[in-house]
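Take a look at the structure below.
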Amino acid sequence: MTNEQCRLLSCLEKIDGWVTLYELSDTAKLVLDDDLFVPSLVARGWADHDPDGVAVRITGAGREALASDLELRSR
């Protein structure tokens, strides 16, 4: 998992619900352009997007991947 993906998943986990891409791009906890990695999260099944593609949320698989990645990083 890349640093950008990790930051995005961490942010989505804290929000715990749907967030628009506009709101996500304005989040202080993300680095500039981290929101560009949303498609990679969706492709891996770590996030869902709404039918219009304007909002995103973390999935159970995303929570598991984040927990696993954070555990590996803490070693």
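Would you work out which of LEU66, PHE37, THR27 lies farthest towards the positive end of the dipole of the chain? Charges go on Cβ: Lys and Arg +1, Asp and Glu -1.
LEU66
Amide H of ALA55: which non-local residues (sequence gap of 5 or more, or other chain) have their own amide H closer than 5 Å, using H built in the peptide plane?
LEU21, ASP50
How would you rank LEU12, LEU72, going from fewest to most other Cβ atoms within 10 Å of each one's own Cβ? Please report the intermediate quantities before stating the final value.
Details: LEU12 26, LEU72 9.
By the 10 Å Cβ count, ascending, the order reads LEU72, LEU12.
Quote the FRET efficiency, to the nearest 0.05, computed for GLU64 versus TYR22 with a Förster distance R0 of 30 Å and r equal to the Cβ-Cβ distance. Present the calculation step by step, with values, prior to reporting the outcome.
On the way: r = 28 Å, r/R0 = 0.92.
Between GLU64 and TYR22 the formula returns 0.65.
Nothing charged except the Cβ atoms of Lys and Arg (+1) and of Asp and Glu (-1): what's the magnitude of the dipole of the stretch 3-73 about its Cα centre? Round to the nearest 20 debye.
Rounded to the nearest 20 debye, it is 200 debye.
Taking one equal scatterer on every alpha-carbon of the chain, how large is log10 of I(q)/I(0) by Debye at q = 0.16, 0.18 1/Å?
-0.49, -0.62
Can you tell me the 0 to 90 degree angle between the C-alpha axis of helix 3-15 and the longest principal axis of the chain, rounded to 10?
Orientation of helix 3-15: about 70 degrees from the principal axis.
Please rank ARG75, ARG7, fewest neighbouring Cβ atoms within 10 Å first, as an exposure proxy. Don't skip to the end; give the middle numbers.
Numbers: ARG75 4, ARG7 17.
Fewest-to-most ranking of ARG75, ARG7: ARG75, ARG7.
Points 7 angstrom from Cα along the Cβ direction at ASP33 and LEU72: gap in nanometres?
2.4
Every number here is computed from the coordinates shown, using simple stated rules; none is lab data. None of these values were measured; they are calculated from a predicted model. Cβ coordinates were reconstructed from backbone atoms using ideal geometry, including for glycine residues, and neighbour counts include every protein chain displayed.
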